[in-house]
2 protein chains.
Amino acid sequence: MKVALLVLLSSSLAPAADTWIDQGIIYLDHSPQAVMHPVPVRAVTLGDGFWAERRKINVERSIPTMLDLLEEHGAVDNFRRLSTKKSAIRKGPLYTDSDIYKWMESVAFVLQSADNPKLRADFDRLTAEILAAQEPSGYLNTYYQDDRKALRFTEMYKSHELYCLGHLLQAAIAYYRATGDRKLLEGGIKYVDYLISISGPGKTPLLTGHPELEMALVELYRTTGERRFLDLAGYLLSGVERERLKLTSAQLVYMFSGKPFTSRTEFEGHAVRAMYASSGATDYYAETGDPLYRKTLDTLWTDLINRKMYITGGVGSRSQGEAFGEPYELPNSQAYTESCAAIGNMMWNFRMLAISGDAKYADVMERALYNGINSGMSLNGTLYCYRNPLSSNGEKIRNEWYDTTCCPPNLERILASLPGYFYATAKDAVYVHFFHNSELDWHLENGTGLKISQKTNYPWTGNVTLTVTPARESEFTLYVRVPNTGEYKAIKRRWKAGDTVDLHFDVTPKLITSNPQVAENNGKVAVQRGPLVYCMEQIDEPGAISDLVLAKPAAPFASDFQADLLGGITVLKHDGAAYVRSISEEPLYESLDKAEARKTKPAELTLIPYYTWANRERTPMEVWIPLK
Amino acid sequence: MKVALLVLLSSSLAPAADTWIDQGIIYLDHSPQAVMHPVPVRAVTLGDGFWAERRKINVERSIPTMLDLLEEHGAVDNFRRLSTKKSAIRKGPLYTDSDIYKWMESVAFVLQSADNPKLRADFDRLTAEILAAQEPSGYLNTYYQDDRKALRFTEMYKSHELYCLGHLLQAAIAYYRATGDRKLLEGGIKYVDYLISISGPGKTPLLTGHPELEMALVELYRTTGERRFLDLAGYLLSGVERERLKLTSAQLVYMFSGKPFTSRTEFEGHAVRAMYASSGATDYYAETGDPLYRKTLDTLWTDLINRKMYITGGVGSRSQGEAFGEPYELPNSQAYTESCAAIGNMMWNFRMLAISGDAKYADVMERALYNGINSGMSLNGTLYCYRNPLSSNGEKIRNEWYDTTCCPPNLERILASLPGYFYATAKDAVYVHFFHNSELDWHLENGTGLKISQKTNYPWTGNVTLTVTPARESEFTLYVRVPNTGEYKAIKRRWKAGDTVDLHFDVTPKLITSNPQVAENNGKVAVQRGPLVYCMEQIDEPGAISDLVLAKPAAPFASDFQADLLGGITVLKHDGAAYVRSISEEPLYESLDKAEARKTKPAELTLIPYYTWANRERTPMEVWIPLK
């Protein structure tokens, strides 16, 4: 990596601030354990490049069409029927409220980047309809109001009552940070205060069941400074109500909730629940510094990274229970790898990064973002993956709608909030996590204004030029993450406006192997170029994908950027071989001698980035390719 | 193979017969499509050797203790409560009646080999208790009598009503063939006639839901000559009631029942159901010769053998739905491979063999019997596997009891009936399917008495000496199956008493590969010696089993028979290697260069027959071993 410095100009001080407009995706400025502080979403403007088209389509197509679908499937009517007292039947599974809230959070993040009158009006209208359904007590859940009122708080292992509240709070906080408007936020606080009033020793025992509220409550604490919200998060994470709730062992495994978070030693059960619980626990640690939490988080992270994460950053191996498997149980075609779980993985690592400053967490974020999350939304922005397998026989994987439609608005909110993940500040320091044409307009922690411009075609090339423009000449350290290395390059100097840093990251394609304990990947390789995991799709190949093997790299991969293919991608080509007689014609079991005598002929393999798969036609796909 | 002939002596004619005492496991003497006719169980007496101790323990321990367990869990009380009108609550899942019946069928097969007054008394007592619970109409099902009477025949997709009847009939037929006693058989016929009276167009639509009754009805037809039983089987297989039953697509997949059997083109859904349905359909074909059935059976068999069967003969890849997976979806540690499904596979191939005379079916029977079935019962006879995975981290796999205890009595009946699988006759021909020290005392189809003695230590050695003793000098063909070759060696000559045939089968250990489309077996081999698939168990190995690889065979395997190990087994040793640094210490993903640079040291691997695994302590196990 070459670092070039060039002085240009300087400008004025930015204000040190503690108002809604300065709060990011999570607001860590006063968190005792945070070693860095993410910048607000609005501080970063993304320019042309890899994410530009994705984010444009997100705002113009994904988000608007999703509201239409939520209306069509009755998710908004579920609120209206409570306020209007009309007798329509409630629609959909018991957690549809959360889909609305997550969609609203997406809108709020859009508004944090730029005003959008239509979306803002939609948000305000929904806020009014939601609050009109709220009970005077503060309780608000379309499934457990009206005829199911008696069941309230009695079946929390499945009710998603607190899960929905968590998403309500996250939407409300994001909107507050976009506009300063507190209407939905006050409604959420009213519900939380109701919860606080009815719960605890001798009163109603609470359980999130599907963790989510934990991180929302810590964020509410950060937003309001009100300690009771942090304490409620601590109560939920403590597992103190385990006995009163009479939870079974299987429920405790599945829910990743209900027993002390600090008693966890491995990932198990429902992957999204586990990721959200870990995110909430990290938030809780950031405020409290409880060392048991830190120890647990470190143990869990090692379990995930060393034994249970797909190369795409996806997590959750099993369809049954949408769950983690045993260590190294990472099947490819059977992978569940829900989009929400990859998003949860990124959210959790974002928090781990903030409490540690360790680039290894940002590497995981980038892996999940570019691959296992990015695959979840079609290039046209209107089809979504629930599962993101690493091998496919061409089954239908992208759908416009799911009755459990958690993933689509989750994908929408992550894309909308993306600029907020790029930078963080610390005392006399700025961290650069991600790379994209972009402009940072923010300030050092001493209040000195700071702009950083990135010029790059990352991830297609590894060249990035940073132009650093402090408002006045200042000494600080610029921490630049070197992708896939687990480290930041620290550049400490006296910076002057217009200083540039030229970065040259290695994006030559790499052959990656799995630990031999991953049963399906023995003798196979995956191809990674920069942050992008690649795959083979049948329609690009010279023969049946199952008949192809990759030759050991005598010659390097050929990289070719094709602007008109799949939104513009770098296509890889490599020598390989194809069985002369299709292996589909071969017996299921064969002697080693005969199997080794099978004839092959040369074949050129074509690889495309994993995130673009299943965007043309339904066709078999493989990430892990047998090595000749 | 060397064939030596030696004349000794001759004796008298055996009677051609058509009575209960001459009927085998299935009775095909009058089946138009049967090209061979299995001998009765009692015609073959097994001597010392591989199966002797297993069968002894089956009679002395497995069968008696299973009755105690069935009593303890209330399966017999479920009948008593109906006849005595005492108010005890019915115990266990809705299909417990079938567990009793399957246990009784085991006893009946024991009695077909030799009298056993205690077991015969148990059978008779149970028969009385069962028939005392039967309604005057003929209906008999402990779950749907009494308080659930209104639900009868209304939820056949799950009710197992006809499944239980199927097992009742099989037990009754086996007992009739053991003793000539028809009491239970008459009770079963009464129930079937009730079914016939209430079902059909304009009346109650019937569905097996869990196929089983189909083959029982065909066997009842063979036993009684009453055409209505065959017709009822045809009705159940026809799927004619699909519309009236309002079955969903998912149910039709899962149940392998409810739509025309002849519309099936692949195995899917619940594996045991699919095997039993195919067995019943083959029985139906054997009587009717309907070519659509034959075509379907051939298509399904190819699907199973080329794409969906484990090397152990186990079938059913997925725990979810106890189901078949996609083609080549054959995970090892996640394999479901229920003991009942392997038994069903053997039962089906026994029937396919009979209608074809093709040894390939007998090869599959032997594979399932020696491996995927044989593993299901512990060497001490009192612990059973429900699942029979091909890889294990040492989880508990053998249990004395399952609330759904279908597998244990199924294993007991297959062991009890085993002699009946060894031989079949045809016009001027005798087939030898299996090898074991044994004496056949039967007759040619022209009535000439015939004895065949086998002397062998198979499968530990491949040497078998057959001594053929016709009652008088006769010309016929002796078809001797050559294991794993899909063919019978035909020896046609004029046989005289005492002629001997020396067979020398190759039992040197073979390295077997999977089709590359089996994801988990890429670059791995299984070891097979004769009919036995081998595995590595951690307790026998020089280091962590996950750190071991098998070296390509420079030197052959060392075979060593150890009489005091696991009931007496041939242990295999082979050169291999172990990672110097445990791969559990290695990262989950690693560059190919670094992975290939991992150091190994020589290690000797020890392999034991798969069927003996998990008979010492809980320890990791692998069938498929990475090849260096």
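Listing for the model above:
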quantity: Net charge contributed by nearby residues that have their C-beta within less than 15 Å of B:PRO117 (K/R +1, D/E -1); calculated: -2
quantity: Helix-only mean residue ellipticity at 222 nm for chain B, each DSSP H run of n ≥ 4 adding -39500 (n - 2.57), per residue, nearest 500; calculated: -10000 deg cm²/dmol
quantity: Residue and distance (whole Å) for the chain B Cβ nearest the axis that superposes B on A; calculated: B:GLY523, 2
quantity: Virtual spin-label span in nm between B:SER591 and A:ASP68, 7 Å along Cα→Cβ; calculated: 4.9 nm
quantity: Cα-centre dipole for the protein assembly as shown with unit charges at Cβ (Lys and Arg positive, Asp and Glu negative), debye to 20; calculated: 200 debye
quantity: Other copies of B:GLU71: label-to-label distances in nm, shortest first, labels 7 Å along the beta-carbon direction; calculated: 7.1
quantity: Local electrostatic count, A:LEU151, Cβ distance below 14 Å [Lys/Arg +1, Asp/Glu -1]; calculated: +1
quantity: Footprinting exposure proxy for A:VAL39, B:VAL59, B:VAL35 (fewest neighbouring C-beta atoms within 10 Å first); calculated: B:VAL35, B:VAL59, A:VAL39
quantity: Listed residue (B:ILE491, A:VAL468, A:LEU300) projecting farthest to the positive dipole end of the protein assembly as shown, Cβ model; calculated: A:LEU300
quantity: Proximal charge balance of A:GLU622 [Cβ under 12 Å; K/R count +1, D/E count -1]; calculated: -4
quantity: Virtual spin-label span in nm between A:ARG581 and B:SER319, 7 Å along Cα→Cβ; calculated: 3.9 nm
quantity: Gyration tensor (alpha-carbon) shape descriptor, the range B:106-223, a/c threshold 1.5; calculated: prolate
quantity: Pairwise centroid distance, computed over Cα atoms, of the range A:355-429 with the range B:158-176, Å; calculated: 54 Å
quantity: Nm distances between copies for B:THR84, ranked from closest, using label points 7 Å along Cα→Cβ; calculated: 6.3
quantity: Length added when fully stretched, A:LEU565-A:ASP502, from 0.36 nm per residue minus Cα-Cα; calculated: 19.8 nm
quantity: Over the range B:12-109: Rg over Rh, Cα atoms, Kirkwood Rh; calculated: 1.12
quantity: Relative contact order of the range B:223-364, pairs being alpha-carbon contacts under 8 Å that are 6 or more residues apart, as %; calculated: 21 percent
quantity: Whole-angstrom gap from the range A:92-156 to the range B:53-131, using each part's C-alpha centre; calculated: 59 Å
quantity: Descending Cα extents along the principal axes, chain B, whole Å; calculated: 75, 64, 46
quantity: Estimated vicinal HN-Hα couplings, Hz - the range B:389-401 in sequence order (Karplus 6.51, -1.76, 1.60; Gly, Pro = x); calculated: x, 9, 7, 8, 8, x, 5, 5, 10, 10, 9, 6, 8
quantity: Cβ charges +1 (Lys, Arg) and -1 (Asp, Glu), total dipole of chain B, debye; calculated: 440 debye
quantity: Exam field: A:ALA554 pseudo-label spacings to other copies (7 Å along Cα-Cβ), nanometres; calculated: 2.7
quantity: Ratio Rg/Rh, restricted to the range B:510-626 and using Cα atoms, in which Rh is the Kirkwood radius; calculated: 0.97
quantity: Ratio of the Cα radius of gyration of the protein assembly as shown to 2.2 N^0.38 Å, where N counts its residues; calculated: 1.05
quantity: Shielding by partners, peptide B:538-547 (average Cβ within 10 angstrom, other chains); calculated: 1
quantity: Cross-link table A:LYS91/B:LYS396; A:LYS308/A:LYS396; A:LYS594/B:LYS396; A:LYS56/A:LYS149, entries beyond 32 Å C-alpha to C-alpha; calculated: A:LYS91/B:LYS396; A:LYS594/B:LYS396; A:LYS56/A:LYS149
quantity: Inter-chain shielding of A:329-338 (mean C-beta neighbours from other protein chains, 10 Å cut-off); calculated: 3
quantity: Inter-site label distance for B:HIS30 and A:ARG493 at 7 Å from Cα along Cβ, in nm; calculated: 10.1 nm
quantity: Relative contact order for the range A:510-626, counting Cα pairs under 8 Å that sit 6 or more residues apart, in percent; calculated: 36 percent
quantity: Per-pair calculated FRET efficiency, R0 = 51 Å: A:THR265 and B:THR299 via Cβ, rounded to 0.05; calculated: 0.55
quantity: Normalised contact order of chain B, rounded percent, pairs of Cα under 8 Å and 6 or more residues apart; calculated: 16 percent
quantity: Overall Cα dimensions of the range A:430-549 - principal axes, largest extent first, Å; calculated: 62, 31, 19
quantity: Shielding by partners, peptide A:571-584 (average Cβ within 10 angstrom, other chains); calculated: 1
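Laboratory data are not the source of any read-out in this text; all were calculated from the coordinates shown. These numbers come from a predicted model, not from an experiment. Reconstructed Cβ throughout: ideal geometry from the backbone, glycine too, with neighbour counts over all protein chains shown.
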